[in-house]
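K.L.:
One structure coming up, written as structure tokens, with questions to follow.
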Amino acid sequence: MKHKNVRTLLITGIVATLSQAGIGWAEKTEAQLKALAKITEEQATAIALQRVPGATVKDKELEDEKGKVIWSLELVTAGSSDVTEVAVDAITGAVVEVKKETPKDHKKESQEDLKAQMNLTEGQAKMIAGREYPKGKFKAAWIEKEDGKLIWGVALTVPNSGDQVEVKIDATGQVLGKETETAEQQAEEKARWAAKHGGKSWDEDDKK
């Protein structure tokens, strides 16, 4: 029994050491991914643009996908609202995937990717926001990156006034801040949105 306890302690110590060092199954940091990558950001950009001539790079990120280091680049082309995502192997330079998406599909997939990285679930975020505004009516929830950190944004409508409040919550469940938008401000924003999008009706999904 004594030897078994010693083995357990040794295994626990090794797991903790590996996790702290970012080795094994621990999520790699951006610095670790860049150290592993053989293809630079500039080279990955050039490779992606060869697949989509005339496009402009909207966003790019080095990711760890199932143990592989991948450059993920989002490209847009003049005259089209679609987004083309090109995945480039950061070791070999091979194009792993080319995928075209509509703006709505792209936003949906982006949110799914962010949710997979976020420790706090949507349900937990809604519960925390509800504690801040017990009478508020849930409207929408989304994840965004701020200064490299994942943040939940939860929008609630306040009864009677019609005001909308946004509660920002980090991955630990801490409330980082609250913003209020009056009914008048919402109406002005809807009008600006409609003018920008050729008179189309307001769509909260497109806003986010």
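K.L.:
What is the number of the single condition among (1) surrounded by fewer than 16 Cβ atoms within 10 Å (Cβ to Cβ); (2) farther than 30 Å from G79 by Cα; (3) of a type in the set (K, R) that K145 does not meet?
P.N.:
(2) is the only condition that K145 fails.
K.L.:
Which members of the range 172-208 meet the condition of being modelled with pLDDT of 90 or more and either out of contact with any Asp or Glu (no Cβ under 9 Å at 6 or more places or on another chain) or aliphatic (A, V, I, L, M) (or both)?
P.N.:
Correct list: T172, G173, Q174, V175, L176.
K.L.:
Next up: Output the number of the condition that A94 fails; it satisfies all remaining conditions of (1) in contact (Cβ under 8 Å) with a residue 24 or more places away in the chain; (2) surrounded by fewer than 16 Cβ atoms within 10 Å (Cβ to Cβ).
P.N.:
So A94 meets the others, but not (1).
K.L.:
Scan the range 35-69 for residues that are surrounded by fewer than 16 Cβ atoms within 10 Å (Cβ to Cβ), of a type outside the set (D, E, K, R) and free of Cβ contacts under 8 Å to residues at least 40 places away in the same chain and jot them down.
P.N.:
A35, T40, A46, Q50, P53, G54, T56, G67
K.L.:
Residue pairs, Cβ under 7 Å, 6 or more apart or interchain, first in the range 118-145 and touching a residue at least 40 places away in the same chain (Cβ under 8 Å) and in the same structural domain as G177 (by TED's automatic domain parsing), second aromatic (F, W, Y) and in a strand (DSSP E or B). List them.
P.N.:
L120/W152; A125/W152
K.L.:
Within the range 64-123, restricting attention to residues that are within 22 Å of I39 (Cα to Cα) and hydroxyl-bearing (S, T, Y), which residue is nearest to the chain's Cα centre (by Cα)?
P.N.:
Among residues in the range 64-123 that are within 22 Å of I39 (Cα to Cα) and hydroxyl-bearing (S, T, Y), the one nearest to the chain's Cα centre (by Cα) is S72.
K.L.:
Quick check on this structure: which one of A26, A46 is outside any strand (DSSP E or B) and at pLDDT 75 or above?
P.N.:
Within the list A26, A46, the selection yields A46.
The values are calculated or read from the model by the stated rules, or taken from the named source; none is laboratory data. Everything quoted here is computed from the prediction, not taken from an experiment. Because the Cβ atoms are built from the backbone with ideal geometry, glycine has one as well, and the counts that use them run over all protein chains shown.
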